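S.K.: Once you've had a glance at the structure underneath, I'll fire off some questions.
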Amino acid sequence: MTEPDIKKGLAGVVVDTTSISKVNPETNSLLYRGYPVQELAATQSFEAVAYLLWQGELPTPEELAAFRVEERRHRALADNVRAAIDLVPLDAHPMDEVRTAVSLIGASDPGAGGSVLDAGGSPEQNLERSIRLFAALPAIVAYGQRRRRGQELIEPRDDLDYSANFLWMTFGEEADAVVVDAFNRSMILYAEHSFNASTFTARVITSTLSDLYSAVVGAIGALKGPLHGGANEAVLHIFDEIGSADAVEAWLDKALAEKRKIMGFGHRVYKKGDSRVPTMKAALDTLVEHFDKPEVAALYDALESEFVARKGIYPNLDYPSGPAYNLIGFDTLTFTPLFVAARVTGWTAHVIEQAGANALIRPLSEYVGPDERHVAG
Ligand code: CMC
């Protein structure tokens with residue numbers, strides 16, 4: 001009998017087609033619906049990129065205006081979602097809080113009830129649900145951070161765009177344009193990345209004809225892990241441990257001797273560098289200048305150059321985004337929920353794509369347990 005060719009972690013396995021994004025590690029490029037992500041981050045609002053991911057085309061000014069109206073309609077935290085968040089223990093991880101809130105939004109959607117046979121929803125219903133989650137997540141994430149700090153909920157503002165309003169609801173003051181721009185770029189860069197672990201999870205759930213909310217709840221669970229979305233939080237823990245640029249060499253000697261993974265470095269697909277890093281690093285540089293924190297850039301550069309020199313492993317997007325979110329004022333525990341708020345666009349675009357050309361995702365396994373045997377007696 002021939003041995004099956006097992007690809008651990010599905011590494012290198014192409015499981016389906018997609019027209020949402022294209023990752024090319026050879027040319028170090030990432031395209032959303034054909035557009036280079038760097039170009040989108042430099043020229044577009046996150047709302048326009050969300051629209052692009054769902055609809056396949058960038059919106060016209062009229063389409064964007066209509067979309068913004070729709071997004072603003074769903075910004076406020078629903079009373080029952082707020083009550084559910086308040087039940088989550090303050091020392092639980094914020095990703096558990098976000099997962100719970102999204103689950104309740106799903107359970108409260110009047111169109112999502114009834115028979116499991118209708119659970120999947122039509123493409124129109126799924127688009128509507130995607131916009132609802134996209135619009136609701138900033139309030140969930142912002143309120144989470146505020147309640148952990150003992151602060152009151154802040155209501156959304158209709159006169160601010162997505163990113164400016166997100167920062168308003170988190171900090172209760174209007175953010176400077178430089179900060180809004182850096183935040184907007186991070187959201188665009190995090191929005192989509194083909195068949196990563198959380199997106200694949202969402203597609204697996206969708207493939208059973210389950211509903212979009214369940215797919216997003218599952219994706220949030222997959223994103224929480226430090227090998228995936230949890231890495232942006234982990235980068236800050238590492239920065240805190242190291243302290244300053246002059247401590248990098250000694251810290252790295254010890255960490256590598258202990259065979260620790262250095263969070264924010266390495267990638268399953270990009271082996272020569274993550275295409276999103278230069279754009280996010282440029283955004284981090286503007287924040288370093290704005291907040292006058294050269295020591296952050298010094299630590300960033302020292303760890304990057306020392307680790308790349310020793311291991312030849314390059315930073316991924318989480319490496320610049322962690323310190324950027326820290327400078328903006330987000331708590332370290334809020335970083336991965338920010339990733340959720342961005343990636344919900346990509347996840348839901350994939351849910352709609354999977355549902356539109358579905359095949360149940362059900363791989364095989366090679367059994368390596370005991371041979372057939374029987375209960376004694
Ligand atoms: N620190 C130290 N060694 C590393 C790292 C790292 N960050 N990344 C890879 N390596 C080593 C690894 O130990 C292994 O060495 P050896 O062959 O001697 O055992 C070799 O490089 C190959 O690593 P791998 O883990 O088998 O590669 P992978 O493609 O399965 O892993 C990864 C990719 C992202 C899981 C891994 O690089 C990692 O754990 N990085 C740290 C966590 C992180 O930053 N995750 C965010 C990923 S990007 C954002 C996202 O998609 O969510």
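The values are calculated or read from the model by the stated rules, or taken from the named source; none is laboratory data. All figures in this text were calculated on a predicted structure; none of them were measured in a lab. Here the Cβ is made from the backbone with ideal geometry for all residues, glycine too, and neighbour counts use every protein chain on show.
S.K.: Any residue in region 256-265 that is buried (at least 24 other Cβ atoms within 10 Å of the Cβ), on the phi > 0 side of the Ramachandran plot and within 12 Å of the ligand (Cβ to nearest atom)? I'd like the intermediate steps shown before the answer.
M.R.: Filtering region 256-265 for residues buried (at least 24 other Cβ atoms within 10 Å of the Cβ) gives 264.
Filter again for on the phi > 0 side of the Ramachandran plot, leaving 264.
Then drop every residue that is not within 12 Å of the ligand (Cβ to nearest atom), which leaves 264.
For region 256-265, residues buried (at least 24 other Cβ atoms within 10 Å of the Cβ), on the phi > 0 side of the Ramachandran plot and within 12 Å of the ligand (Cβ to nearest atom): present.
S.K.: Only one of (1) modelled with pLDDT under 95; (2) within 14 Å of the chain's Cα centre (by Cα) is not met by G218, so which one is it?
M.R.: In the conditions (1) modelled with pLDDT under 95; (2) within 14 Å of the chain's Cα centre (by Cα), G218 misses (1) alone.
S.K.: Could you give every pair whose Cβ atoms fall below 6 Å, whose first residue belongs to region 188-206 and is among the aromatic types (F, W, Y), and whose second residue is within 14 Å of the ligand (Cβ to nearest atom) and modelled with pLDDT of 95 or more, counting only separations of at least 6 or pairs across chains?
M.R.: Cβ pairs passing all conditions: Y190/F339; Y190/A342; Y190/R343.
S.K.: Just one of A66, A119 is surrounded by fewer than 19 Cβ atoms within 10 Å (Cβ to Cβ), in contact (Cβ under 8 Å) with a residue 24 or more places away in the chain, out of contact with any strand residue (DSSP E or B) (no Cβ under 7 Å at 6 or more places or on another chain) and among the small types (G, A, S); which is it? It would help to see each step written out before you state the result.
M.R.: Details: A66 fails: in contact (Cβ under 8 Å) with a residue 24 or more places away in the chain.
Within the list A66, A119, the selection yields A119.
S.K.: Right, something else. Going through G229, G225, G218 one at a time, which residue ends up being free of Cβ contacts under 8 Å to residues at least 60 places away in the same chain and within 13 Å of the ligand (Cβ to nearest atom)? Explain how you work it out, then say what you get.
M.R.: Values: G229 fails: free of Cβ contacts under 8 Å to residues at least 60 places away in the same chain; G218 fails: within 13 Å of the ligand (Cβ to nearest atom).
G225 is the lone residue from the list that is free of Cβ contacts under 8 Å to residues at least 60 places away in the same chain and within 13 Å of the ligand (Cβ to nearest atom).
S.K.: Follow-up question, since we're still on this one. Could you say whether any residue in region 318-326 is within 16 Å of the ligand (Cβ to nearest atom), surrounded by fewer than 19 Cβ atoms within 10 Å (Cβ to Cβ), part of a helix (DSSP H, G or I) and under 26 Å from the mean Cα position of the chain (by Cα)?
M.R.: Checked against the condition, which is being within 16 Å of the ligand (Cβ to nearest atom), surrounded by fewer than 19 Cβ atoms within 10 Å (Cβ to Cβ), part of a helix (DSSP H, G or I) and under 26 Å from the mean Cα position of the chain (by Cα), region 318-326 yields no hits at all.
S.K.: Could you figure out which of (1) within 15 Å of the ligand (Cβ to nearest atom); (2) crowded, with 22+ Cβ neighbours inside 10 Å; (3) modelled with pLDDT of 95 or more isn't true of L284?
M.R.: (1)
S.K.: Looking only at region 1-27, which residues are crowded, with 16+ Cβ neighbours inside 10 Å and more than 14 Å from the ligand (Cβ to nearest atom)? It would help to see each step written out before you state the result.
M.R.: Here is the first cut: in region 1-27, the ones crowded, with 16+ Cβ neighbours inside 10 Å are 18, 20-21, 23, 25.
Of everything in region 1-27, those that are crowded, with 16+ Cβ neighbours inside 10 Å and more than 14 Å from the ligand (Cβ to nearest atom) turn out to be T18, I20.
S.K.: What about Q55, is it touching a strand residue (DSSP E or B) at 6+ places or on another chain (Cβ under 9 Å) and of a type outside the set (K, R)? Step through it out loud before you land on a result.
M.R.: Values: touching a strand residue (DSSP E or B) at 6+ places or on another chain (Cβ under 9 Å): no; of a type outside the set (K, R): yes.
No, not satisfied.
S.K.: Another question, if that's okay. Checking K271 against (1) within 14 Å of the ligand (Cβ to nearest atom); (2) modelled with pLDDT of 95 or more, which single condition isn't satisfied?
M.R.: (2)
S.K.: Could you grab me the full set of residues in region 327-342 that are within 14 Å of the ligand (Cβ to nearest atom) and under 19 Å from D176 (Cβ atoms)?
M.R.: L338, the sole residue that qualifies.
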